[in-house]
1. Quick one: count up the residues across the stretch 53-94 that are closer than 16 Å to residue 39 by Cα and among the β-branched types (Val, Ile, Thr).
2. Could you tell me whether any residue of the stretch 17-28 is modelled with pLDDT under 85 and in a loop (DSSP other than H, G, I, E, B)?
3. Those residues that are charged (D, E, K, R), more than 12 Å from residue 27 (Cα to Cα) and modelled with pLDDT under 90, I need them from the stretch 69-108; list them, please.
4. Quick check, is residue 4 more than 21 Å from residue 82 (Cα to Cα), at pLDDT 85 or above and outside any loop (DSSP other than H, G, I, E, B)?
5. Of everything in the stretch 47-59, what is touching a Ser or Thr at 6+ places or on another chain (Cβ under 8 Å) and at pLDDT 90 or above? Give them in sequence order.
6. I'm trying to understand the selection: among the residues of the stretch 29-79, which are farther than 23 Å from residue 17 by Cβ, of a type in the set (A, V, I, L, M) and in a strand (DSSP E or B)?
Amino acid sequence: MSQRSLREDRDDPEGITAYDARIKVIDRLKGRLSRTIVVRNDNTSARYAMSVGEEHLLFVSRDGQDLRVDSCGNSSAMPHASELAERVRAQLRVLESHSGASMYEHGR
C-alpha cells in the first residue's frame, strides 16, 4: 500500500482533506476489481486506518468515481479477520452452488 495526500480545501487547518491509498489486491472475494485499486480515505475520524505493509480484509464500495472502504462495517486487519474471510468464502460457495456462477478469485 502507498498513499498520496490530497489538498482539496484551502480552509482545512492541516491542509489535507483525504488520502488516496493505492492497494494491492491479494484476494478478491466478490465483485470486479483490478489487481491494484485506489481507495479514497477522507481525513476524518470516520476514515479506515491502514499502514504500509499490513494486510486487511476490506469491504469496498463505489461512491461516484471513488472507491471507499466501509469503516463502520466488517473491514478489519489480518490475521484478525481470517475467520470472517472464511465465513464469507463459505457463504459465497453456497450462493455459487445455487447460481452456478463463480464469485471468488484468488491470486497473488
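1. Total meeting the criteria: 2.
2. yes
3. Within the stretch 69-108, 70, 93, 96 qualify.
4. When the stated conditions are applied, residue 4 does not pass them.
5. Once the filter is applied, which keeps residues that are touching a Ser or Thr at 6+ places or on another chain (Cβ under 8 Å) and at pLDDT 90 or above, the stretch 47-59 yields 56, 57, 58, 59.
6. Matches in the stretch 29-79: 57, 77.
Residue-by-condition table, conditions (1) among the β-branched types (Val, Ile, Thr); (2) within 28 Å of residue 15 (Cα to Cα):
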{"position": "37", "(1), (2)": "yes, yes"}
{"position": "44", "(1), (2)": "yes, yes"}
{"position": "50", "(1), (2)": "no, yes"}
{"position": "61", "(1), (2)": "no, yes"}
{"position": "65", "(1), (2)": "no, yes"}
{"position": "68", "(1), (2)": "no, yes"}
{"position": "84", "(1), (2)": "no, no"}
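The values are calculated or read from the model by the stated rules, or taken from the named source; none is laboratory data. Everything numeric here is computed off the predicted structure, so don't read it as measured data. Every residue, glycine among them, receives a Cβ derived from its backbone with ideal geometry; neighbour counts consider all protein chains shown.
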